[in-house]
Amino acid sequence: MQRIVAGAVMAFAGTGIAEAQARDPGRDADVSYDVRFDNAVHHEAQIAVTYRDLKPGPVEFRMARSSPGRYALHEFAKNVYSVTATDAAGQPLAVRRADPYSWTVPAHRGTVTLRYTLYGDHGDGTYAQIDPTHAHLNMPATMMWARGYDDRAIRVTFHPLDKSWKIATQLPPSTGSADTFWAPNLQYLMDSPTELSDFQLRTWPLAANGRTYTIRLAVHSQDTPADVDRFAAEAKRVIAQHFALFGGPPVYDFGTYTFIADYMPQISGDGMEHRNSTMISQPRSLKDADFAQIDTLSHEFVHGWNVERLRPRGLEPFDFTRANPTPSLWFAEGFTQYYGPLLIHRAGEKSLDAYLKGLGGTLSGVVNAPARRYGSPQEMSLRAPFVDAAQSIDPVNGTIFVSYYPYGAVVALALDLSLRERYPGLSLDAYMRHMWARNGVEQVDYAPAKPYTPEDLEAGLAELTKDPAFAHEFFAAHVRGSALPDFAPLLAPAGLTLRHAAPAQPWLGATRVKTVDGALTLDEIPAPDTPLYRAGVDRGDTLVSLGGQPLATPEEWTAALATASVGKPVPLAYRDRTGDHRVMLTPLSDPRLEIVRTETLGTPLTPAQHRFRAAWLGTAD
């Protein structure tokens, strides 16, 4: 591991970069961008894009409406203004606009330079944030492009606002300037987030695939060098487990993989995977978050295989003009969600009890989710455009959707434990490696050669187990259907017990309440077939009293509920749009589940349980 606190971008250079420079298409690219931040104090960037050797006729420039790693629509064009165009001689060209997302130059002589101002002040994996401390750029939110020229090589020159700013990006550097980079095509450019700031850089080499790669961690935060050193050491141990899972790293196209980490107060929490990098953000520093950012880092690094190269067909090639749906997010995101914390535990960075607490919470949430009656993991995957950071004015029924992240993670848990019990020597690890070899390893022109379908995922399971009936039954029940297995017997061979976390605690069907204008309001739709739901209480209703105790704050609701008893009716007074009501509710037992080590309940592990647990979790205690 190499520690570099300050230095030029060339500190990023690795074996693959030198090769890339030797064949640098960016030097003579017909498409070039120039990006400045002179008005960063007001969150503006000035961007010029030049296209040469254009075909005769109008040329249409567009802003994206979607972004790799996101599944909903985003209106990036709303932050673009002051658009002008000139020819090769600098003479003005007419610009016409017929829709909200494009600008058309109707006539030209083969070269057009389009200039525009971009406003950006939302830093996460999807948008852009520009201020005097940094420029945090997601390319679909930043770069306008000309329709019909997607396969052309591209050159990008950045002009850092301050001499202390360095540049972190998966784009390979171009020759002739430390601030100039290139992309082989539009798809790669749009998949290449970039951070310009006075970040701290840590690098370490990785020898694999007959090459030497460089792993880079660029941290923009208020942390001390010692804190960044600690995080880099944790990251190195964790990603070693990723390589163990998949049998080594993928081929990083230009010799590097870059973690772009922004942990500044003005940033929004997020994680966004890309082909040879990831953008991870958190408004707390490493120290203030107790280094919890390792969770996001682990999740996003799994995506270097699962999603970026082992990729659903619906996402490849990515269409920047629309939402990109796929029925396979339960695998692409959900299986990644399963492995993120598991690999942290295998690396020794999370205790077994902490890991089981998180796993139990995920399992409990999905098992008890009323939304499962409304759709399978495949169905929830197709609802991604409505929920993945998508905004709308009208409210939605919160009981009909369960995220494909935990839903898929629970399917992964079921498949992992089933494989380990039924087929000696097999596991979800083996399935991931099989799918990686089957549909992920082969890449052509910086893109997956064999993007998969749901049918491929089922076929891969049948090939691994040599049991097509099992593969069909599993997918029919748990992927195309919404059934879940009984997890108690699946967990038992690992010496783990699934039980209710608080069976004596009363539960009415909802937990989220808030105070609005001095009154306590229910802040969620109750789960169907629960006391509150059957009584007709709905989101937004005022909760006046429970068991005779007046209610005005969430704390008073918690205290009043604690005095109730499971199975014993309790009066609730509430107010809805029709007026005041009083009903009798019979509390149910709290349905939350937890996973605990059997030995903590007084039953020692058997040797078989010890071996099973160690093989699965990497440790037995």
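Worth a mention:
- What you get for segment 506-589, charging only the Cβ of Lys and Arg (+1) and of Asp and Glu (-1), is a dipole of about 180 debye around the Cα centre.
- Note that segment 456-464 has calculated 3J(HN,Hα) couplings of 5, 5, 5, 4, x, 5, 5, 5, 5 Hz, one per residue in order, obtained from phi through the Karplus relation 6.51 cos²θ - 1.76 cosθ + 1.60 (θ = phi - 60°); glycine and proline are x.
- Prolate/oblate/rounded call for the chain, Cα gyration tensor, a/c under 1.5 rounded: prolate
- Computed over the chain: relative contact order in percent, which uses C-alpha pairs under 8 Å that are six or more apart: 11
- Using a Förster distance of 41 Å, the FRET efficiency for Lys466-Ala240 (Cβ separation, nearest 0.05): 0.85
- Residues listed by number, segment 397-432, amide nitrogen under 20 Å from Glu473 label point at 7 Å toward C-beta: 411-428, 431
- Site pair Arg230 and Arg422 shows an inter-label distance of 4.5 nm when each label is modelled 7 Å from Cα along Cα→Cβ.
- Amide H partners (placed H, <5 Å) of Asp24, local residues excluded: none
- In order along segment 140-150, the phi-based Karplus estimate (6.51 cos²θ - 1.76 cosθ + 1.60, θ = phi - 60°) of 3J(HN,Hα) comes to x, 7, 10, 9, 7, 9, 9, 5, x, 10, 5 Hz; Gly and Pro are listed as x.
- Scalar couplings 3J(HN,Hα) for segment 339-346, obtained by applying the Karplus form with A = 6.51, B = -1.76, C = 1.60 to θ = phi - 60°, are 7, x, x, 4, 6, 5, 5, 4 Hz; x denotes Gly and Pro.
- Relative contact order (%) - segment 506-589, alpha-carbon pairs under 8 angstrom, separation at least six: 31
- Put the Cα centre of segment 167-239 next to the Cα centre of segment 314-363 and the gap is 23 Å.
- Label point distance in nm, Thr563-Ala208, each placed 7 Å from Cα along Cα→Cβ: 6.0
- Cβ-defined net charge surrounding Asp151, 11 Å radius [Lys, Arg +1; Asp, Glu -1]: -2
- Using a Förster distance of 56 Å, the FRET efficiency for Glu599-Glu75 (Cβ separation, nearest 0.05): 0.55
- In the structure shown, the pairs Lys350/Lys514; Lys287/Lys357; Lys78/Lys450; Lys350/Lys466; Lys166/Lys236; Lys166/Lys287 are assessed against 27 Å; a Cα-Cα span above that value is assigned to Lys350/Lys514; Lys78/Lys450; Lys350/Lys466.
- Taking a ≥ b ≥ c as the square roots of the eigenvalues of the alpha carbon gyration tensor, segment 506-589 is rounded, as a/c is under 1.5.
- Segment 73-87 and segment 582-621: distance between their alpha carbon centers, rounded to Å: 54
- One decimal place: the segment Ala88-Ala178 gains 29.9 nm when fully extended, by the rule 0.36 nm per residue minus the C-alpha distance.
- Here's how it looks for Phe199: its modeled amide H is under 5 Å from those of Lys166, which are all 5 or more places away or on a different chain.
Values quoted throughout were computed directly from the atomic coordinates according to the rules given, and no laboratory measurement underlies them. In this text, all values refer to a predicted model and were calculated from it rather than measured experimentally. Don't worry about glycine lacking a Cβ; one is built from the backbone with ideal geometry, like all the others, and counts go over all protein chains shown.
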